[in-house]
């Protein structure tokens, strides 16, 4: 099986993070992972929107989050188990990630 790519913390950029968060599905996935106490597989998020997302679309969203350095994915058999890199990101970017996720949550409450 192909190795899963994760950028080093020094390679993560603000531009990459903002691009990953520019899609509402991706920021919702990240926000759910961030508040979860455990890692989750991709299938957990099939119903993240009103309509079921195709697995291929969901895989692309996870790839973008992973390549932006926001999540870490570990292969367990045929599944990828995902978790955030919040602690590493906080060391590098301070409260930026948390502020974006909190602003998104407030925006969702307003709608």
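Can you tell me how segment 32-92 classifies by the Cα gyration tensor, rounded, prolate or oblate, using a/c under 1.5 as the rounded cut?
Note, shape of segment 32-92 comes out prolate.
Would any residue of segment 31-47 have its amide N under 15 Å from a label point 7 Å out along Cα→Cβ of residue 79? List them or say none. Residues 37-47 fall inside that zone.
Here the contact order of segment 9-110, divided by its residue count and restricted to Cα pairs under 8 Å and six or more residues apart, works out to 29 percent.
Between residue 91 and residue 32, what length comes free when the chain is fully extended (0.36 nm per residue of separation minus the Cα-Cα distance, one decimal in nm)?
19.2 nm
One decimal place: the segment residue 110-residue 43 gains 21.3 nm when fully extended, by the rule 0.36 nm per residue minus the C-alpha distance.
For log10 I(q)/I(0) by the Debye sum over Cα atoms at q = 0.12, 0.16, 0.23, 0.24 Å⁻¹, the listed values are (i) -0.55, -0.79, -1.30, -1.37; (ii) -0.39, -0.71, -1.48, -1.59; (iii) -0.49, -0.73, -1.11, -1.16; which was obtained by calculation from the structure presented? Identified label for the calculated read-out: (ii). Distance from the C-alpha centroid of segment 86-111 to that of segment 7-55: 12 Å, rounded to the whole angstrom.
Only the coordinates and a few stated rules stand behind these numbers; no lab work does. This is a predicted model, so every value here is computed, not measured. FYI the Cβ positions are ideal-geometry reconstructions off the backbone, even for glycines, and counts take in every protein chain you see.
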